[in-house]
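The values are calculated or read from the model by the stated rules, or taken from the named source; none is laboratory data. This is a predicted model, so every value here is computed, not measured. FYI the Cβ positions are ideal-geometry reconstructions off the backbone, even for glycines, and counts take in every protein chain you see. Note: accessible area is taken over every heavy atom of the protein model, side chains too, but ligands, DNA and RNA are not part of it. Shrake-Rupley method; radii C 1.70, N 1.55, O 1.52, S 1.80 Å.
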Amino acid sequence: MFATLSDRLADTFKNLRGKGRLSEADIDATAREIRIALLEADVALPVVKEFVGAVKERARSEEVSQALNPAQQIVKIVNEELVAILGGETRRLRYAKTGPTVIMLAGLQGAGKTTLAAKLALWLKEQGKTPMLVACDLQRPNAVKQLQVNGERVGVPVFAPEPGNAQGVEHGGDPVGVARASLEEAKRKLHDVVIVDTAGRLGVDAELMQQASDIRDAVRPDEVLFVVDAMIGQDAVSTAQAFLDGVGYDGVVLTKLDGDARGGAALSIASITGKPVMFASNGEKMTDFDLFHPDRMASRILDMGDVMTLIEQAEKAFDQEQAMKAAAKLSGQGGEFTLDDFLEQMQQVRKLGSMSKIMGMLPGMGQFREQLENFDEREIDRIQAIIQSMTPAERANPKIIDGSRRARIAKGSGRQVSDVNNLVDRFFEARKMMMQMARGGGIPGMPGMPGMPGMGGPKRGKTKPQPKKGKGAKRSGNPAKAAQQAAAEKEKAAAAPANPFGSPAGEDVDYEAAAAALDLPKDFSKFLK
C-alpha cells in the first residue's frame, strides 16, 4: 500500500548521500520532496503541513547526532515523526474488571466490519479468551448469515436471535434488543468477550448513527472500534471525524492494508482524530490480522523492514519440536537432513503466508519490489510435487537418484527432468551450507571465518610437535642438573649401536668435507653440487 510513498522517500534520501553537512537549501529541497510524497499518498493536508514543519525544524536544530551523516540524520528524523503521527505507542485492548468485556464495531458499509469481527474473535481466541459474536446488523441482506459462516470458520459461537434482512425484504428487527440480550447470553455461557457487529452506513446517516448510539448506551462497551477502509483516502478522515462526533469511539481499525491504494488514511486518522490505530487487517485470511505497531509501520514505509512481526508470526506458525529436530540433523547429531525434512520446513514457512509478503518484511527489499510482486507462489507447489513423486528411499538418500529415476520423478510430478536436476543440486548445496553454519563454521566463502578450510582462521586441536634444534634436548639453566643431563647423553651415545656409515652415533657429519676427501673421478664432482 505504501509502495509509492516508500519509493519517493527513498529517492529523496539518495540525493543527500555524500554530503558532509546539511545546508539550508538541502533542508528546503528535502522538505519539498517529502511534502510532495505525502500529498501524492493522499495524506490529509493539515497532517502534511504539521509533519513537514516538524522535520524542517528538527533538521535545522543541533539535536542531530554527529555520528550520523546527513542522509541518516534525515531518515532518523522522518522515522520518528512518522511514528508520532501514526499514534506513537502501540495501544492495546482494555478488558473489563468484572463480567464480559464488550467490544462494539462501527463504520461505513463495505469497510469489512463483519469479516473483521470474525478476525478479531480468532485473535482473541488465540490470546486465551472465549469470545462470542453478536449479529446486530439487521439492515444489510444476509449480514447475519455471513457472520454465522465466519464464526463457524474461526470456531467462535454467534448470537443471532433475529434473522435480519435475509432476502432483501425489510425486517422490523430490533438491533438494540439483540445487543442487550447478548450480555445475558454471554454471562450464561461464560464468554469473557462480546463482539457486537453493527449495521454499516452508506454515509453519515442520522438515523443509523442514532441506532449506533442506542446500541452503545444499551451495552456500555469497554471499547468502541471504528472500522475504516484504508483505501478510501482522505474521505476516511472526514468520516472518522463524523463518527467521533456522532457516536464516539476509542480506537481505529484499518482494513484492506494489502490493497494498492496510496494509504493516506493510515497516516491521517490518528493525527486528526487523536484516536489511536489499534488493529490492522492486511489480507483475506482470518489470520491476516494483528495489533497495529506505529514504529513497525514507519519502518516498513522507510524500507527498514518489519523483522519483529516476522519473528512473531514465525513463533506462532512453526512447530518447535520439528524445528529442533531439523537443527539437530544439520549439526550432525540427529541423522542426516533429508528431502522429507526439507519439505516439512518448506510447509512450515508457507504457514506464514505468501513468500512475497514474508520477503517484504526484510530490510532493504523495497528495491526488489517488482521481483517480489512477480514471484510465482506456485513454484513451491511444484517443488512439493517433485519431492512427493520420489520414493521414501530417494527422499532419505538423494544420492541414489540416477538418470532413470530422475526421468520417472519428472513424469510423476508433471515437470521436466531439468527441474528435478535443479532441485536435487540446489538441495545438496543448501544442505552443505546450512550444515556448515549449524556447526559453527561460519558462512562458506567468507574469509577469515574459523573452521573454514583455506581461510586462514585459527585452528583448534593438537599442534604438531616441532623438531628439536641442536644436538639434543634443551639444557637446564641449573648447573648441577645440566651436568646430569650431559652425563646421561654421553652414556646414551656410548650404548647406541655404531653408525653403519662410519660416523659415531649421535654426532653430526660434515658431508662436504667427507666428499672432498673421497678419491672420485675428475668429472664426478659436478654431481655432488
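What residues qualify as long-range amide H neighbours of residue 101, i.e. H under 5 Å apart, gap of 5 or more or another chain, H built at 1.01 Å from N?
Counting only residues 5 or more places away or on other chains, the set is 96, 193, 194.
Determine, for each peptide in 211-223, 397-409, 97-109, the mean count of other beta carbons within 10 angstrom over its residues, then list the peptides with the highest first.
97-109, 211-223, 397-409
Using the Karplus equation 6.51 cos²θ - 1.76 cosθ + 1.60 (θ = phi - 60°), what ³J(HN,Hα) coupling, rounded to whole Hz, does each residue of region 38-46 give in order, writing x for Gly and Pro?
5, 5, 5, 7, 6, 6, 4, 4, x
Which value, in Å² rounded to 10, gives the accessible area of residue 129 with a 1.4 Å probe and all protein chains present?
The accessible area comes out at roughly 60 Å².
P(r) for region 80-125: what percent of alpha-carbon pairs falls in each 5 Å bin, starting at zero?
5, 14, 17, 18, 20, 18, 7, 1
Which pairs in the list 189/351; 256/285; 351/432; 325/432 are over 22 Å apart, alpha-carbon to alpha-carbon?
189/351; 351/432
Cβ under 14 Å from residue 413's Cβ, residue 413 left aside: what net charge do those residues give with Lys, Arg +1 and Asp, Glu -1?
+4
Report the local net charge at residue 55: Lys and Arg +1, Asp and Glu -1, summed over other residues whose C-beta lies under 12 Å from its C-beta.
Spelling it out: positives minus negatives among the neighbours equals +1.
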